[in-house]
């Protein structure tokens, strides 16, 4: 049902944390496949992908181009883009399934982003309040993940790899009325 695309930077720990949060989704049958997109030069992520049963794609280029290549290598009707180190709260499976069912039944194109949450193990900082205010004013940040139907993604032009800030531009094309902030929290390792 969902193909997950995770761009990596060759560092194992954040990728493993993200994959661990996806295991229940794979067991429930909602996650069809996971693609780890990594830059050439290190074999660490390739070994992680092999061990975890993920697809591995080596890609040299900007992050948006890597995301586009990862999306093009999958065939599921729904795409989920996550950053390495992003850990979804335990209720994500039910909410994602309900969101997909609701959007598919409505005939209206929508995308979902997860609710940003600071790790409970980090000390609060003034910068966190400022970043929260920025997210409220300008919309979701790129590390909040994106759940979008393949049709909608392609209709919007996907991640235009030749453009600057292609990730932010895709979120902008979706617009405030075209996206839902899901109740599921996403914790992002700094």
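The values are calculated or read from the model by the stated rules, or taken from the named source; none is laboratory data. Note that the structure is a prediction, hence the values are computed from the model and not measured. Cβ placement follows ideal geometry from the backbone for every residue including glycine, while neighbour counts extend to all protein chains displayed.
Kindly establish whether residue 149 is at pLDDT 65 or above, over 18 Å from the mean Cα position of the chain (by Cα) and over 17 Å from residue 83 (Cα atoms).
Numbers: at pLDDT 65 or above: yes; over 18 Å from the mean Cα position of the chain (by Cα): no; over 17 Å from residue 83 (Cα atoms): yes.
Answer is no for this residue.
Within the range 40-62, work out how many residues are at pLDDT below 90 and loosely packed, with under 15 Cβ neighbours inside 10 Å.
Of the residues in that region, 5 qualify.
Determine whether residue 35 is touching a strand residue (DSSP E or B) at 6+ places or on another chain (Cβ under 7 Å), at pLDDT below 95 and either in a helix (DSSP H, G or I) or crowded, with 16+ Cβ neighbours inside 10 Å (or both). Quick ask: steps written out before the conclusion?
Numbers: touching a strand residue (DSSP E or B) at 6+ places or on another chain (Cβ under 7 Å): yes; at pLDDT below 95: no; either in a helix (DSSP H, G or I) or crowded, with 16+ Cβ neighbours inside 10 Å (or both): yes.
No; evaluated as a whole, the condition is false for this residue.
Enumerate the pairs (first residue in the range 76-104 and at negative phi and free of Cβ contacts under 8 Å to residues at least 60 places away in the same chain; second residue anywhere and surrounded by fewer than 23 Cβ atoms within 10 Å (Cβ to Cβ) and in a strand (DSSP E or B)) with beta-carbon separation below 7 Å, excluding pairs fewer than 6 apart on the same chain, so at least 6 apart or on different chains.
103/149
Name the residue that is farthest from the chain's Cα centre (by Cα), counting only residues in the range 1-30 that are closer than 20 Å to residue 61 by Cα and part of a strand (DSSP E or B).
Only one residue tops the list, namely 7.
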